[in-house]
Amino acid sequence: MIAFPDGPSPERIERPSPADPAPRGPEQPGPVTPDVDRPTSRNIMDRMRKVDPKLGRNYRQRSGQ
Amino acid sequence: MASLPRRLMGIETEYGIHIDGLGPDALVKASRELVESHPKPYASPWEYRHEHPRRDARGFVVDRLSVDPIDARYDQAGTNTTDNHLRADRMLPNGARLYNDHGHPEYSTPETSDLFTLIAADKAGERIMQELAVKRSDLTGTLVSLQKNNSDGNGASYGTHESYQALRSVDIEAYIRDLPAHFATRILYTGAGKTGCEEAGIRGIDFQLSQRADFFKVIASVDTLYNRPLVNTRDESHDDPTQLRRIHVICGDANLSETATFLKCGTTHLVLRLIEDGVDLSHIALADPLAAIKEISRNPLTLPVFALKNGNFTTALEVQYSLLGLSRRYEGTDPQTDLVLSTWKTFLDDYAANPLSVADRADWAAKYTLLTQFAEEEGVDFKSDIIQSLDIAFHDIDPDAGLHFALLDAGDVRTLVTDDAISLLMEQPPQDSAKAIIRGHIARHLPDAVVSISWDEVTLRLQSGQNVALTLHAFTAVAADALAAALEGSSTADALVAALKSIR
């Protein structure tokens, strides 16, 4: 894994093509946990609490395409 | 030959169907009954003569298609019904196809080259399907719910397919060579998110980007039911087969987010342009696309590093930035292309800065954010029954039950099309597709004259008893106003055939 960069540099998408992505190996630093604002709507949480907890266990479908 | 600046596109969705107490063996009948509850007018029967699921674009026909051995057990006590009865195939007045596909009610949008129209047509499908679910629920007294998803979380997967008109003159091997890099990495925005993992032997996955990534076994083949490929090579043009092929994409997820659909189809259109224009994409050819899509999917908040064929290493973000950079050569083609490019860039920038900042555009991020909040508030983990159930409920297309729709109501999801546009596409075909316009006219006004119908051919019975087959792509070049005028006065099959002959 590698950590997310601070943000893509503009030249990343401006560079002449075709261009190889920079060679990198798995020795890069580990992942970072993002800091995220979460939804606060009580309505959504209320709707979630109404979901049948057995739905996932009982939900069986035919295999399709 | 230059690439197609615009191409007809469509989206087919096999919906999940849930009725309390019914197992998979009963879902073929339940799905058929739901489809059959669609009110008239519609046109049928479907003409299967034009379907060639075993014909490979590489120039051969396979003996048989792979079948899921678990699913096959449900078919052993199959009925003697004909295909048409079982599939209940019908063409709707908006040019869409509705049928029972292997126990899933499937809605296939009419084709259009306009991304906003495509989104509206896809959303129109959701609403039409929900109307049928309500109708069946009222009739049977048992709740029938439909989910726009691609997995039951228990090992069964079903598809949401994209179709793209593409140049026949470009060797199919070019598409097979170059598309996997895009397909494996576009799940950053196309992923609908899924709890757990459905690949045998893989444990410890709480959540992944893609509903479908677990199910791909080979790079290219005609199969769709089992041993699924990243690149489906089924050779069905649905248009002029001497000039155009159809790239049938089966590795995408069902998207509820309009932005996800916009990016899914908009970026894939541009990548197809790159391939058609012979742009060298060898620098992003993946060493193992099947391993890459699974690795990317199973690490939604980090950037797995994977190998390229040239020996370098890269990430999904870098591959997508590279494709974006190459696609900027199409800037200025039209406003829609420019919007795809800017939306694509903004999405990648935002994901790079903070993966969950795209929760207003990517279904997987919206779902992950919701489930995480619920899990923390309720003190449950991602493997609990309730979280698995909420995963299914996210995709429920009942606006009063589905979690996506709760987010939509709360203003937490971006939209791109209006309610009016969606309502219009429930009733009428896209106005940029002559084929869809003619099919829709026939389904609405002349259903009783239809001998058979398919995407590109309709056979009508004339008053004399003679049958006439209309090849619809022959009218693609007809001016829209001339086509509209021809259809307006055609209230009989004879009049329609005469009018179409006069403008061709």
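The values are calculated or read from the model by the stated rules, or taken from the named source; none is laboratory data. Since we're looking at a predicted model, the values are computed, not measured. Neighbour counts run over all protein chains shown; Cβ positions are idealised from the backbone, glycine included. These accessible areas exclude ligands, DNA and RNA; they are computed on the full protein's heavy atoms, side chains included. Shrake-Rupley method; radii C 1.70, N 1.55, O 1.52, S 1.80 Å.
Structural remarks
- Helices (runs of 4 or more DSSP H) fully within the stretch B:399-504 that include at least 1 residues being more than 22 Å from the chain's Cα centre (by Cα) and hydrophobic (A, V, I, L, M, F, W, C): B:403-409, B:434-445, B:480-488, B:493-503.
- Summed over the stretch B:398-432, residues that are among the charged types (D, E, K, R) and either without any contact (Cβ under 8 Å) to a residue 40 or more places away in the chain or surrounded by 19 or more Cβ atoms within 10 Å (Cβ to Cβ) (or both) total 4.
- Near pairs, Cβ below 9 angstrom, 6+ apart or cross-chain, from the stretch A:41-60 (closer than 11 Å to B:His18 by Cβ) to any residue that is among the aliphatic types (A, V, I, L, M) and not in a helix (DSSP H, G or I): A:Arg60/B:Leu22; A:Arg60/B:Ala156
- Taking the conditions (1) among the acidic types (Asp, Glu); (2) more than 21 Å from the chain's Cα centre (by Cα); (3) open to solvent by 20 Å² or more (accessible area, probe 1.4 Å) in turn, B:Asp235 satisfies each one other than (2).
- Test result for B:Val28, surrounded by 19 or more Cβ atoms within 10 Å (Cβ to Cβ), closer than 30 Å to B:Gly440 by Cβ, in contact with a His (Cβ under 8 Å, 6 or more places away or on another chain) and not basic (Lys, Arg): yes
Condition check ((1) in contact with a Leu (Cβ under 7 Å, 6 or more places away or on another chain); (2) in contact (Cβ under 8 Å) with a residue 24 or more places away in the chain) across all residues:
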| site | (1), (2) |
| --- | --- |
| B:Gly252 | no, yes |
| B:Lys264 | no, yes |
| B:Pro289 | yes, yes |
| B:Ala307 | no, no |
| B:Gly311 | no, no |
| B:Val319 | no, yes |
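- Residue in the stretch B:267-275 that is surrounded by 23 or more Cβ atoms within 10 Å (Cβ to Cβ) and either free of Cβ contacts under 8 Å to residues at least 60 places away in the same chain or facing another protein chain (nearest Cβ under 7 Å) (or both) present: no
- Scanning the stretch B:49-68 for residues that are touching a residue at least 60 places away in the same chain (Cβ under 8 Å) and open to solvent by less than 80 Å² (accessible area, probe 1.4 Å) gives B:His50, B:Glu51, B:His52, B:Pro53, B:Asp56, B:Ala57, B:Val62, B:Leu65, B:Ser66, B:Asp68.
- Only one of B:Ala359, B:Ala353 that is small (Gly, Ala, Ser), farther than 18 Å from B:Phe183 by Cα, open to solvent by 30 Å² or more (accessible area, probe 1.4 Å) and within 8 Å of another protein chain (Cβ to nearest Cβ): B:Ala353
- Of residues in the stretch B:168-182 being in a helix (DSSP H, G or I) and open to solvent by 10 Å² or more (accessible area, probe 1.4 Å), the one farthest from B:Ile284 (Cα to Cα): B:Ile172
- Among (1) of a type outside the set (Asp, Glu); (2) open to solvent by 10 Å² or more (accessible area, probe 1.4 Å); (3) in contact (Cβ under 8 Å) with a residue 60 or more places away in the chain - the single one B:Asn94 does not satisfy: (2)
- Elements of the type helices (runs of 4 or more DSSP H) sitting completely within the stretch B:249-352 and holding at least 2 residues that are basic (Lys, Arg): these cover B:258-276.
- Residue match in the stretch B:118-128 (condition: touching a Phe, Trp or Tyr at 6+ places or on another chain (Cβ under 9 Å), within 14 Å of another protein chain (Cβ to nearest Cβ) and among the aliphatic types (A, V, I, L, M)): no
- Picking from residues in the stretch B:112-152 that are of a type in the set (Ser, Thr, Tyr) and in a helix (DSSP H, G or I), the one that is surrounded by the most Cβ atoms within 10 Å (Cβ to Cβ) is B:Thr117.
- The requirement of being β-branched (Val, Ile, Thr) and touching a Lys or Arg at 6+ places or on another chain (Cβ under 7 Å) is not satisfied by B:Thr224.
- When the stretch B:433-458 is filtered for residues that are within 17 Å of B:Asp240 (Cα to Cα), touching a strand residue (DSSP E or B) at 6+ places or on another chain (Cβ under 6 Å) and open to solvent by 20 Å² or more (accessible area, probe 1.4 Å), only B:Glu457 remains.
- Number of the condition not met by B:Asp288 [criteria: (1) surrounded by fewer than 24 Cβ atoms within 10 Å (Cβ to Cβ); (2) within 22 Å of the chain's Cα centre (by Cα); (3) not hydroxyl-bearing (Ser, Thr, Tyr)]: (2)
- Top-ranked residue of the stretch B:376-390 - restricted to ones that are open to solvent by less than 10 Å² (accessible area, probe 1.4 Å) and not polar (S, T, N, Q), ranked as nearest to the other protein chains (Cβ to nearest Cβ): B:Leu390
- The set of residues in the stretch B:190-243 being closer than 15 Å to B:Glu162 by Cβ, part of a strand (DSSP E or B) and of a type outside the set (Lys, Arg) consists of B:Pro229, B:Leu230, B:Val231, B:Asn232.
- Residue within the stretch B:363-377 that is under 26 Å from the mean Cα position of the chain (by Cα), within 20 Å of A:Asn43 (Cα to Cα) and in a loop (DSSP other than H, G, I, E, B) present: no
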